[in-house]
Structure formats: structure tokens, C-alpha cells
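The values are calculated or read from the model by the stated rules, or taken from the named source; none is laboratory data. All figures in this text were calculated on a predicted structure; none of them were measured in a lab. Glycine also receives a Cβ, built like all others from the backbone with ideal geometry; neighbour counts cover every protein chain displayed. Just the protein is used for accessible areas: all its heavy atoms, side chains included, with ligands, DNA and RNA removed. Shrake-Rupley method; radii C 1.70, N 1.55, O 1.52, S 1.80 Å.
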Amino acid sequence: MDENSCPVHFVSTFEEAEGLVSANDEFWLMSCGCRQGANSKGQQCARSVNEVCLWFKEFEGEGAKEKISKARAQELMRYGKEKKLLARPFRNGKDPSIIEGVCLCCDDCCYFFTMGDEQSDKGKLIENTKWEVCTECALCVEACYFKSRTHSDEEGFAVDRGLCFGCGLCVEACPENCIEMVQRDE
């Protein structure tokens with residue numbers, strides 16, 4: 001990738017992804033290439049069904065696609081949130097200011113996590129933990145795909161904000177509501 005280009009995908013919270021869905025009027029649902037690749041090897045994604053890639057324009061290329069309603073696109077966002085998938089919107093390859101859709105990814109079969117060579121920008125938000133409220137239950141540690149949150153008996157609870165991609169999955173996991181997403185400093 002040259003210095004003037006940016007990764008096609010970036011991480012967002014589900015609220016941000018839902019806002020992208022609300023701002024669009026047409027939707028096409030595609031099977032996830034990662035999940036299809038895993039399934040072709042006889043594996044099944046442990047987290048999700050295959051049809052989790054949402055396009056905001058008709059896709060020109062290979063892949064199963066189905067035009068769906070806005071209500072069904074919103075239902076897909078709810079499904080992704082319920083299944084604790086990661087919202088990764090994607091940009092147009094020629095004009096990165098155009099958001100073409102949202103992939104719902106996981107750490108079970110998605111190439112971003114399993115192969116490690118696919119790039120993705122961090123989201124514009126980052127976690128902020130209110131330590132005075134935190135009970136160190138570690139549910140957020142289990143929820144974090146990026147391993148920015150850790151807990152051990154020897155070292156206690158820690159957050160490496162440099163590893164936080166801004167997905168907000170930790171916020172959803174926290175029973176104490178002590179984590180919030182705040183604007184990331186550039």
C-alpha cells in the first residue's frame with residue numbers, strides 16, 4: 001500500500017454502522033468471503049451465518065447478492081450486535097470518502113483476524129474506562145477482539161489504548177456501564 005492510500009476497511013461502533021445504514025436507501029446482502037473460505041475447507045464459523053456483508057450499492061462482481069429492504073439491513077445490524085460481531089465499514093477503492101457498505105466480522109474466520117495481513121483503520125472513537133466504577137469482572141476482556149484489555153491474577157486489570165480499535169464491544173459487555181467511547185485524539 002502506498003503512503004497516499006488508506007485501508008479499504010475501518011472499524012466502527014454499531015451505533016456508527018447503524019447511522020450509515022440510516023443514511024442510505026438501497027441495500028444488497030452478500031455472503032462473506034471469509035466465511036465462504038472457511039466453509040469451503042469444511043469449517044463452520046462459530047459465531048455467525050455467512051450473509052453478513054452489506055453493500056449500499058449494487059455490487060459489480062462475483063458473489064451471492066440479494067437486494068434487501070432498509071428494515072432487513074437494520075435487522076442485520078441488530079443481529080451483528082447480538083452475535084458480538086465487529087462492524088467494519090468499507091470505502092470505495094478509488095474514492096475513500098465514499099462508504100460503500102459494512103462487513104460484520106469476527107475473530108473465528110475473518111481474514112483480518114486469522115491471517116493478520118489485511119489492513120484496517122482504527123475507528124474515530126476509543127474506549128474510556130471509569131476505574132472508580134470498574135469491578136474487574138473481566139467480561140470486557142473476553143469481548144475485545146484486539147486484546148487491548150487484559151486481566152491476570154498477578155498483574156490485575158489493564159487496558160492498552162494503543163491496541164484499541166474503537167469497536168465498542170467492551171461497552172456492550174460491561175455490566176457496570178463503566179466504559180464509554182470517546183473521540184480519539186489524532
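A single entry from Cys106, Cys174 fulfils the requirement of being within 23 Å of Ser48 (Cα to Cα) and at pLDDT 95 or above: Cys174. Within the range 79-98, the set of residues being under 10 Å from the mean Cα position of the chain (by Cα) and touching a residue at least 60 places away in the same chain (Cβ under 8 Å) comprises Gly80, Lys81, Lys84, Leu86, Ala87, Arg88, Pro89. Contact map, the range 99-113: first residue farther than 14 Å from Ser31 by Cβ and open to solvent by 10 Å² or more (accessible area, probe 1.4 Å), second residue among the polar types (S, T, N, Q) and outside any strand (DSSP E or B), Cβ cut-off under 6 Å, separation 6 or more or different chains; pairs are Glu100/Asn92. For the range 1-91, the helices (runs of 4 or more DSSP H) that sit wholly inside it and include 3 or more residues that are at pLDDT below 85 and crowded, with 18+ Cβ neighbours inside 10 Å are 33-40. Only a single item in (1) over 20 Å from Arg47 (Cα atoms); (2) at pLDDT below 90; (3) among the β-branched types (Val, Ile, Thr) is not met by Thr129, and it is number (2).
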